[in-house]
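Here's the structure, in structure tokens; my notes come after.
The values are calculated or read from the model by the stated rules, or taken from the named source; none is laboratory data. Source: prediction; values computed, not measured. Here the Cβ positions follow ideal geometry from the backbone for every residue, glycine too, while neighbour counts run over all protein chains shown. Quick note on the areas: whole protein, heavy atoms, side chains included, nothing else; ligands and nucleic acids left out. Shrake-Rupley method; radii C 1.70, N 1.55, O 1.52, S 1.80 Å.
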Amino acid sequence: GAHLSAQGGFDSVSVTGKCLSNRFDAFLSIAGDVAMNPAFEKSEFDRERARLLTRLVQKRDSPAALLQDAVAAALYDKAHPYAAPSLGGEGALKAMTRDDLAAFYAAHFAPDVTTVVIIMIIIIIITV
């Protein structure tokens, strides 16, 4: 078995997973394909946008999340990306299309502007 997932953050995107050592070559090939050739299927895009819009509503009831955004807005100039709310704005999320996401990806995830870091943790289990 293996596990593969992708996450995005404020200033990074990661593809992570676990696999057996004898499957590492295949796993690395699949992880690379996920990172370099995302499908951006419309149904998945729409589902994720709906999830983020729900999180924006829930955020209004979270003092910690509101404080995080307020501190970021106070610390950074308005033009700095870190000054923006962590989930973005409702208007921007509603207006964004799958094509907008694909264009952003194409502009910002090219080999000349991407750093790849591979970290391996090897666990050896010995049974007696």
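Could you give the dipole magnitude of the chain about its Cα centre, charging the beta-carbon of Lys and Arg +1 and that of Asp and Glu -1, in debye to the nearest 20?
Details: 12 positive and 14 negative charges, 77 e Å.
Its charge dipole is roughly 380 debye.
What's the extension gain from LEU28 to ILE123 if we count 0.36 nm per residue and subtract their Cα-Cα distance? Present the calculation step by step, with values, prior to reporting the outcome.
Values: separation 95, 0.36 × 95 = 34.20 nm, distance 1.75 nm.
32.4 nm is the gain from fully extending LEU28 to ILE123.
Convert each backbone phi in segment 20-26 into a coupling constant with the Karplus relation 6.51 cos²θ - 1.76 cosθ + 1.60 (shift: θ = phi - 60°), then list the ³J(HN,Hα) values in order as whole Hz, x for Gly and Pro.
Each residue of segment 20-26 in turn: 6, 4, 6, 10, 4, 4, 5 Hz.
How many nm is it between the label spots at GLN68 and GLU90, if each spot is 7 Å from the Cα in line with the beta carbon?
About 2.0 nm, to one decimal.
I need the phi-derived Karplus couplings for segment 32-47: 6.51 cos²θ - 1.76 cosθ + 1.60, θ = phi - 60°, integer Hz, Gly and Pro marked x.
These are the phi-based 3J(HN,Hα) values: x, 5, 4, 6, 9, 9, x, 7, 6, 4, 4, 4, 5, 4, 4, 5 Hz.
Compute the Cα gyration tensor for segment 51-104, then decide on rounded, prolate or oblate, letting a ≥ b ≥ c be the square roots of its eigenvalues: rounded whenever a/c is under 1.5, prolate when a/b is larger than b/c in the other cases, and oblate in all that remain. The partial results should precede the final answer.
Numbers: a/c = 3.22, a/b = 1.31, b/c = 2.46.
Because a/c hits 1.5 or more and a/b fails to exceed b/c, segment 51-104 counts as oblate.
What longest region of the chain stays clear of trypsin sites (Lys or Arg not before Pro) that DSSP places outside H, G, I, E and B and that have at most 10 other Cβ atoms within 10 Å?
On the way: sites that count: ARG60, LYS78.
Longest site-free region, per DSSP loop and neighbour criteria: 1-59.
Counting Lys and Arg as +1 and Asp and Glu as -1, each charge on the Cβ, what is the dipole of segment 30-92 about the Cα centre in debye, to the nearest 20?
180 debye
Per-residue HN-Hα couplings for segment 80-93, Karplus 6.51 cos²θ - 1.76 cosθ + 1.60 at θ = phi - 60°, whole Hz, x for Gly and Pro?
6, x, 6, 6, 6, x, 4, 9, x, x, 4, x, 5, 5
Counting only heavy atoms of the protein chains, get the accessible area per residue of the chain (1.4 Å probe) and round it to a whole Å² value. Kindly include the intermediate steps, with their values, before the conclusion.
On the way: 10200 Å² over 128 residues.
With the other protein chains kept in place, the chain gives 80 Å² per residue.
Report the calculated FRET efficiency for LYS59 and THR97 (r = Cβ-Cβ distance, R0 = 25 Å), to the nearest 0.05. Present the calculation step by step, with values, prior to reporting the outcome.
On the way: r = 23 Å, r/R0 = 0.92.
Efficiency at R0 = 25 Å is approximately 0.60.
Ignoring ligands and nucleic acids, what accessible area does PHE40 show with a 1.4 Å probe (Å², nearest 10)?
Only protein atoms counted, so the area is about 50 Å².
Can you compute the helix-only [θ] at 222 nm over the chain? Use -39500 (n - 2.57) per DSSP H run of at least 4 residues, normalise by all residues, nearest 500 deg cm²/dmol. Can you show the working numbers first?
Values: 5 runs with 61 residues, N = 128.
Computed ellipticity for the chain at 222 nm equals -15000 deg cm²/dmol.
Calculate the radius of gyration of the Cα atoms of the chain to one decimal place, then report Dmax, the largest Cα-Cα distance, as a whole number, both in Å.
18.4, 61
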